[in-house]
Amino acid sequence: MDSNKLLNKETILNLANKLQRNNMKDENTIREVIHDLCKITNKEISKEKEDKIISAIINDKVPKNVDKMF
């Protein structure tokens, strides 16, 4: 699938709205955002990595350089 078809202004605005109106300490909301980002980028993520990201966000442990997280 062509990533340009997935990534457009409406997609970005919808994701931004979801981030603004939802509680980013809620596990289900974070999972939705992760799944949306995977769909937009046409990438898959393991359950283990997803859980690690969620735990970091909920516990305010997200490093300034996210590359160091993995």
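Surface composition of the stretch 25-68: carbon and sulfur atoms hold 49% of the protein heavy-atom accessible area at a 1.4 Å probe.
Subtracting the Cα-Cα distance of Asn14 and Ile34 from 0.36 nm times their residue separation leaves 5.8 nm of extension gain.
Note that the stretch 31-43 has calculated 3J(HN,Hα) couplings of 4, 4, 5, 4, 5, 4, 5, 4, 5, 4, 8, 6, 10 Hz, one per residue in order, obtained from phi through the Karplus relation 6.51 cos²θ - 1.76 cosθ + 1.60 (θ = phi - 60°); glycine and proline are x. Across the stretch 1-65, Cα-Cα distances exceeding 17 Å account for 46% of all pairs. Remark: the Glu27-Ile58 segment gains 10.4 nm on full extension, using 0.36 nm per residue and subtracting the alpha carbon distance.
Backbone geometry of the stretch 10-26 corresponds, through the Karplus equation with coefficients 6.51, -1.76 and 1.60 at θ = phi - 60°, to 3J(HN,Hα) couplings of 4, 4, 5, 5, 4, 5, 4, 5, 4, 5, 6, 8, 10, 7, 7, 9, 8 Hz, x marking Gly and Pro.
The values are calculated or read from the model by the stated rules, or taken from the named source; none is laboratory data. These numbers were taken from a predicted model, which means no experiment stands behind them. Just the protein is used for accessible areas: all its heavy atoms, side chains included, with ligands, DNA and RNA removed. Shrake-Rupley method; radii C 1.70, N 1.55, O 1.52, S 1.80 Å.
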